[in-house]
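Colleague: There's a structure below that I have some questions on.
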Amino acid sequence: LRLLEGIYLDENPLAAFPEVLCGLSSLLTLSMRKCTLEVLPAPVRWPHALSEMHLGWNRGMSPPASIGDLGALTKLDLSSNHLHSIPVEIGCLGALEFLSLDDNFIDQLPAEIGRLGALEYLSLDGNVIDQLPAEIGRLGALEYLSLDGNVIDQLPAEIGRLGALEYL
């Protein structure tokens, strides 16, 4: 298994994260959408080369703080997981370009979201966010920001700093 670059276990009734997957040093893509995951083991020994993680549509699975160790991660999908918060360690994912947090119960984003300088795509549809942090204005590469179905009554002035933004 040490040469595996992609694992696709979508739509399988896996309630626990197979820890054997954590030691695969060549793993680039992990997709476990629509499984029955409730928790990821913490601390997880993530493969350092992992660039894509698709964990949407699970059962309240929340990412551990060790997710911040995934420095090579460029795509992260945590949609439809009944999440109420995002760990502040998300700010350590400096290579992240794509982040989907749709259809959760997130009420606020951590200020550390502003440290995602490579982020181009951020989708937050279907949450209960009432305001965006001012740090959102630091996302200079952001091209796509979707906020449908939240309870935002005012956008922060810092959103005007998003010079690359094409979709809001």
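Colleague: Count charges around Asn58 for me, please; just the other residues with Cβ under 13 Å from its Cβ, Lys/Arg as +1, Asp/Glu as -1.
Modeller: On the way: positive: Arg33, Lys34, Arg59; negative: Asp10, Glu11, Glu38, Asp77, Asp103.
Counting the neighbours of Asn58, the net charge comes to -2.
Colleague: Return a whole-number percent for the relative contact order of segment 63-132, with Cα pairs under 8 Å and 6 or more residues apart as the contact set. Intermediate values should be presented prior to the final figure.
Modeller: On the way: 152 pairs, mean separation 22.5, N = 70.
Contact order relative to length: 32 percent.
Colleague: Still on this structure, I have one more. In Å and on Cα atoms, what radius of gyration and Dmax does the chain show?
Modeller: Calculated on Cα positions, Rg and Dmax stand at 15.7, 50 Å.
Colleague: For the chain, what relative contact order do you get, as a whole percent, if you take Cα pairs closer than 8 Å and at least 6 residues apart?
Modeller: On the way: 467 pairs, mean separation 22.5, N = 168.
Answer for the chain is 13 percent.
Colleague: Got a sec? Charge dipole of the chain, +1 on Cβ for Lys and Arg, -1 for Asp and Glu; which of Ala16, Phe105, Val88 is way out at the positive end?
Modeller: Comparing the listed Cα positions along the dipole, Ala16 ranks first.
Colleague: Which value, in Å², gives the accessible area per residue of segment 10-162 when a 1.4 Å probe is used on the protein heavy atoms?
Modeller: Working: 6580 Å² over 153 residues.
I get 43 Å² per residue for this part.
Colleague: Rounded to the nearest 20 Debye, what is the dipole magnitude of the chain about its Cα centre when Lys and Arg each give +1 and Asp and Glu each give -1 at the C-beta? List each step's numbers first, then the result.
Modeller: Working: 9 positive and 23 negative charges, 109 e Å.
Rounded to the nearest 20 debye, it is 520 debye.
Colleague: With a 1.4 Å probe and all protein chains left in place, how much of the accessible area of the chain comes from carbon and sulfur atoms, in whole percent? Could you put the intermediate results ahead of the total?
Modeller: Values: 3960 of 7950 Å².
Using a 1.4 Å probe with all protein chains present, the chain comes out at 50 percent carbon and sulfur.
The values are calculated or read from the model by the stated rules, or taken from the named source; none is laboratory data. All figures in this text were calculated on a predicted structure; none of them were measured in a lab. No Cβ is skipped: glycine too gets one built from the backbone with ideal geometry, and neighbour counts run over all protein chains shown. For accessibility, only protein heavy atoms count, side chains too; no ligands or nucleic acids. Shrake-Rupley method; radii C 1.70, N 1.55, O 1.52, S 1.80 Å.
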